[in-house]
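This report refers to the structure that appears directly beneath it.
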Amino acid sequence: MKLPEVFIQEAHQTMGNELFERYIASFEEDIPVSIRMNPKKCHANGMKWKVDDEKGVTAVPWCQNGYYLSSRPNFTFDPLFHAGLYYVQEASSMFLDHVIRQLFRMSDGQDTKGEGRTVTDVLDLCAAPGGKSTLLRSALPDSCLLVSNEPIRNRAQILAENIQKWGYANHVVTNNYPKDYRKAGLLFDIILCDVPCSGEGMFRKDEATIGEWSLQNVEKCWQLQREIVADAWCCLRDGGFLIYSTCTFNTKENEENVRWMMEELGAEVISVPIEKEWNITGSLLAGFNEPVYRFIPGSTRGEGLFMCVVRKAVDKRGEGIGSVNGKQWNHDSHAQASLLLSSKKAKQVLNVLSDGQYPVPTMKGRIAIPAHAEAIYTDLDRTKYPTEELTYAQAISYLRHEAIVLEPDVPHGFVLVTFMGVPLGFVKNIGNRANNHYPDQWKIKTTHIPQEYETIFRYT
C-alpha cells in the first residue's frame, strides 16, 4: 500500500517521529474487526445474548456494548445482523459512547454541570450510514428524541434502513442539508457533527481513500466543516454541547477548527476523563493545549479518529432546554417526534424519511398489511401475531426475498418469522407457501449460500 509522499511528509510533521513510526508499522498489522451489540434486542423476551468469549472476543474498553472479534465473519449471511442484534462498527468511533455517558448523568438525564436542565433532543447532523446514530440511540435515555440527518439522498436511504433495523422508538430520520436545519428554527441540546473529511484515518481500512486524498481536498474539507459547524451552532441551545469529530489526522480539519470555534463562536472546550491505558493522543498542534482526543493506529486499537466536545455559552435570557418554539416536550416518545415535526417551518423545510412514530400497517382494500419496521421494532408486541421459528436455510431464503413453506399447522395470514427467537420480518401464509414481505431493496443478492451457520453469539 503506497501512501502519497506529500501525505507522509505532512503526517510525519504532525505526529512526530514516535507516533508516525507506530502508525506506519500498523499497516503491517491485522485490521481490528469490531461490533456493537444492540442492548434492547440482546435482552429481549427473557433471553440474554452475549458474544462467545471462547472465540477470542474481547471488550472495546471505551464502549459498554462494543467487542473486538478475533476474525471477520461473513456478516452478510448472519440473520442476526440483518435483524439488528448488532452493528458492525469501527472501534475508535465507539468512543462516542464514552463521551455521551460522561456528559450525562444517565439516571436523570441532567448534564455534567448539574444545572438541573434536562436534555431532551439530540441531532446527528451528518449521520450516514448510521453507526454513531445507532450508538447514540442506545446510549441516550429513552426519553430523549434523536434526529438523524444525512444530506446525500442515497446515503440517507441507507441511514434509514440501519435506523429501522436498530428498532428504537423516538428516532427521526431526515434528508436535508445543515443549512435547512438552520432555516427550520429547531433547537437541540446536543448536536453531533461527524463532518465529511479528507479521510486520512481510513487509509488502512479503505485503500480507495488513498487515491482520493490531496492537499486541495484538505483545504476544501476544513472550509466545508466550518460551514457545517456554523449552521449547527445556530441550532444548538444555550448551554448545549456540540461534539465535533473527523476521521482524519491533519490539524487544519481538527485542532485548527476547534480553535476557530473558540475564537469565532465563543465555544468552551469540555474535558472528558479517559483511561491512560487506552493510549489516546491529545492535541498535536503547537500552542493548542485544549482537551481533544485522537485515535492513531499503532497507538490505539482502531482506525483514525479525532473528537472534541464544546459547549455553547448560556445566554442570560435563559432559554429553557426542553422546548421547541416555546412548547414543552412530554415524556411520550411518539408525542415528542410529532411535536418536533409540527412547527410550520419544519414542515416546509425538512424532508422526513422516518417520523419516529410506531410503525402502522398500510391498507390494501380491507386488508391491513403490517409494516416491516414493526417486526424489528424493540417495542413490538409479540402476542399480536402468530410466530414461526425458521431454520438457518429458511432464514437465508427469507432474507433473499424468496417464498418459504411453513408447517401445516401454522395459521393462515400474516405471521412473524424469527431466527433463534429474534424477529426477522413478516410473511403472509397462504398454506402451500408463505409470501415474503421482507423489503425487496434489502434482500441478500449474492448467489453463494453457506451450508452451515456459525454464530459469534450465544444466549442464556
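The values are calculated or read from the model by the stated rules, or taken from the named source; none is laboratory data. All values reported here derive from a predicted model rather than from experimental measurement. With ideal geometry, Cβ positions are generated from the backbone for all residues, glycine too; neighbour counts draw on all protein chains shown. Accessible surface areas use protein heavy atoms only, side chains included; no ligands, DNA or RNA. Shrake-Rupley method; radii C 1.70, N 1.55, O 1.52, S 1.80 Å.
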Legend entry - Which numbered condition A83 misses (of (1) hydrophobic (A, V, I, L, M, F, W, C); (2) farther than 28 Å from G201 by Cα; (3) open to solvent by 10 Å² or more (accessible area, probe 1.4 Å); (4) modelled with pLDDT of 95 or more): (3)
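Check whether at least one residue in region 151-159 is in contact with a Cys (Cβ under 9 Å, 6 or more places away or on another chain) and either modelled with pLDDT of 95 or more or within 15 Å of M307 (Cβ to Cβ) (or both), and report yes or no. Give the derivation first.
Taking region 151-159 and keeping what is in contact with a Cys (Cβ under 9 Å, 6 or more places away or on another chain), we get 151.
After this cut, where a residue has to be either modelled with pLDDT of 95 or more or within 15 Å of M307 (Cβ to Cβ) (or both) as well, the list is 151.
Within region 151-159 (the criterion being in contact with a Cys (Cβ under 9 Å, 6 or more places away or on another chain) and either modelled with pLDDT of 95 or more or within 15 Å of M307 (Cβ to Cβ) (or both)), the answer is yes, since at least one residue qualifies.
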Inset, instruction - Answer yes if at least one residue in region 281-300 is touching a Cys at 6+ places or on another chain (Cβ under 9 Å), assigned to a loop (DSSP other than H, G, I, E, B) and open to solvent by less than 40 Å² (accessible area, probe 1.4 Å), and no otherwise. - result: yes
Legend entry - Test: residue in region 392-408 that is open to solvent by less than 20 Å² (accessible area, probe 1.4 Å), farther than 25 Å from N38 by Cβ and assigned to a loop (DSSP other than H, G, I, E, B): yes
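Filter region 86-101 for residues that are open to solvent by 10 Å² or more (accessible area, probe 1.4 Å) and not in a strand (DSSP E or B); which is farthest from T246 (Cα to Cα)? Outline the logic, then answer.
Going through region 86-101, the residues open to solvent by 10 Å² or more (accessible area, probe 1.4 Å) turn out to be 87-90, 93, 98, 101.
If we keep only those that are not in a strand (DSSP E or B) too, we end up with 89-90, 93, 98, 101.
Working: Q89: 15, E90: 13, S93: 10, H98: 17, R101: 20 Å.
Looking at residues that are open to solvent by 10 Å² or more (accessible area, probe 1.4 Å) and not in a strand (DSSP E or B), I get R101.
What are the residues in region 429-438 that are open to solvent by 20 Å² or more (accessible area, probe 1.4 Å) and either under 19 Å from G167 (Cα atoms) or without any contact (Cβ under 8 Å) to a residue 24 or more places away in the chain (or both), if any?
Across region 429-438, the qualifying residues are I430, G431, H437.
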Inset, instruction - State which residue is modelled with the lowest pLDDT when the search covers only region 107-140 and only residues that are part of a strand (DSSP E or B) and open to solvent by less than 10 Å² (accessible area, probe 1.4 Å). - result: D111
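If I ask for residues that are part of a loop (DSSP other than H, G, I, E, B) and either of a type outside the set (D, E, K, R) or open to solvent by less than 60 Å² (accessible area, probe 1.4 Å) (or both), which ones from region 1-32 would you list?
The first filter runs over region 1-32 and keeps only residues part of a loop (DSSP other than H, G, I, E, B), leaving 1-4, 16, 29-32.
Matches in region 1-32: M1, L3, P4, G16, I31, P32.
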